[in-house]
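**Q** This structure is in structure tokens; I'll ask about it shortly.
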Amino acid sequence: MQWFNVGKIVNTHGIRGEVRVNSYTDFPEERFAVGNKLALFMPDSTKPITLIIASQRPHKNFKLLTFENHPNLNDVEKYRDGMLKISENDLGDLDEGEFYYHEILGCAVVTTEGVNLGKVTDILETGANDVWTVTPEKGKPQYIPYIDDVVKEIDIENKKITIETMEGLLS
């Protein structure tokens, strides 16, 4: 079974069993909803721990979560640095034109003229649209906005993205 990261527990918060989570998902409302099951993978273990979300709330740039049967700090302290994941069975279907991060990461990016720019190595969330970091084999990364004027075709099966370059887009 394949597992996908949705967040990382970076610290505890207070004494009532809350943990601070860096979210790595496009769907935080869905993934961190009360009652959802998440698998916790600790750095030194291969076996996941199943956790059920008891509460969640935003706090600064984090999500604060509590888990069922973990009412205090001592219950969750050991989970620091753990990765929260979901299984491939829990991904759900997306609308046309929507993609999961793991589908975009690693895709080759080529221009409409056939120039290979590199592979998508990171996705940056901005207020308006995502920006993809495209890293060539040699040279500096390029930053490509995920907008209709630039991204012309996404072929997930062949891991290929075709873009149309605009003036000033590539450095």
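**Q** Kindly check whether there is at least one residue in the range 143-154 that is touching a helix residue (DSSP H, G or I) at 6+ places or on another chain (Cβ under 8 Å) and assigned by TED's automatic domain parsing to the domain that holds V19.
**A** Restricting attention to the range 143-154, the residues satisfying the condition of being touching a helix residue (DSSP H, G or I) at 6+ places or on another chain (Cβ under 8 Å) are 154.
From what's left, assigned by TED's automatic domain parsing to the domain that holds V19: none.
Within the range 143-154, none of the residues are touching a helix residue (DSSP H, G or I) at 6+ places or on another chain (Cβ under 8 Å) and assigned by TED's automatic domain parsing to the domain that holds V19.
**Q** Considering (1) outside any loop (DSSP other than H, G, I, E, B); (2) outside the structural domain of F27 (by TED's automatic domain parsing), say which one L170 fails and leave the rest.
**A** Evaluating L170 over (1) outside any loop (DSSP other than H, G, I, E, B); (2) outside the structural domain of F27 (by TED's automatic domain parsing) leaves (1) as the failure.
Listed here are the residues, each with its yes/no results for (1) among the small types (G, A, S); (2) touching an Asp or Glu at 6+ places or on another chain (Cβ under 9 Å); (3) modelled with pLDDT under 95.
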{"position": "N69", "(1), (2), (3)": "no, yes, no"}
{"position": "D90", "(1), (2), (3)": "no, no, yes"}
{"position": "E96", "(1), (2), (3)": "no, no, yes"}
{"position": "T112", "(1), (2), (3)": "no, yes, yes"}
{"position": "V115", "(1), (2), (3)": "no, no, yes"}
{"position": "A128", "(1), (2), (3)": "yes, no, yes"}
{"position": "D149", "(1), (2), (3)": "no, yes, yes"}
{"position": "K152", "(1), (2), (3)": "no, yes, yes"}
{"position": "E157", "(1), (2), (3)": "no, no, yes"}
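**Q** Then there's this: Condition first: touching a residue at least 60 places away in the same chain (Cβ under 8 Å) and surrounded by fewer than 18 Cβ atoms within 10 Å (Cβ to Cβ). Now tell me which residues in the range 9-26 satisfy that.
**A** Hits for the range 9-26 are V10, N11, Y24, D26.
**Q** Can you name every residue in the range 147-166 that is in a strand (DSSP E or B) and within 11 Å of L105 (Cα to Cα)?
**A** Matches in the range 147-166: K160, I161.
**Q** Can you name every residue in the range 139-165 that is surrounded by 12 or more Cβ atoms within 10 Å (Cβ to Cβ) and either touching a residue at least 40 places away in the same chain (Cβ under 8 Å) or over 20 Å from E125 (Cα atoms) (or both)? Write out each step before concluding.
**A** First pass over the range 139-165, keeping only residues surrounded by 12 or more Cβ atoms within 10 Å (Cβ to Cβ): 141-147, 150-152, 154, 156, 159-165.
K152, I154, I156, K159, K160, I161, T162, I163, E164, T165 - these are the residues of the range 139-165 that are surrounded by 12 or more Cβ atoms within 10 Å (Cβ to Cβ) and either touching a residue at least 40 places away in the same chain (Cβ under 8 Å) or over 20 Å from E125 (Cα atoms) (or both).
**Q** Kindly indicate the residue of the range 105-138 that is surrounded by fewer than 15 Cβ atoms within 10 Å (Cβ to Cβ) and of a type in the set (D, E, K, R) and also farthest from T25 (Cα to Cα) among those meeting that condition.
**A** Within the range 105-138, the match that is farthest from T25 (Cα to Cα) is E113.
**Q** Right, something else. All but one of (1) more than 17 Å from I104 (Cβ to Cβ); (2) at pLDDT 90 or above hold for L169, so report the exception by its number.
**A** (2)
**Q** While we're on this one: List the number of the failed condition for I144; all other conditions in (1) in a strand (DSSP E or B); (2) under 15 Å from G114 (Cα atoms); (3) aliphatic (A, V, I, L, M) hold.
**A** Checking I144 against (1) in a strand (DSSP E or B); (2) under 15 Å from G114 (Cα atoms); (3) aliphatic (A, V, I, L, M), the one that fails is (2).
**Q** Let me ask something else. So which of V34, V76 is in contact with a Ser or Thr (Cβ under 7 Å, 6 or more places away or on another chain) and in contact (Cβ under 8 Å) with a residue 60 or more places away in the chain? Steps first, answer last, please.
**A** On the way: V34 fails: in contact (Cβ under 8 Å) with a residue 60 or more places away in the chain.
Every option except V76 fails the conditions.
**Q** How do the strands (runs of 3 or more DSSP E) wholly within the range 29-119 filter down when requiring 1 or more residues that are assigned by TED's automatic domain parsing to the domain that holds K8 and of a type outside the set (F, W, Y): which remain?
**A** Values: elements: 37-41, 49-59, 62-67, 83-87, 108-111.
The strands (runs of 3 or more DSSP E) meeting that bar are 37-41, 49-59, 62-67, 83-87.
The values are calculated or read from the model by the stated rules, or taken from the named source; none is laboratory data. Source: prediction; values computed, not measured. Virtual Cβ from ideal backbone geometry, glycine too; neighbours counted across all protein chains shown.
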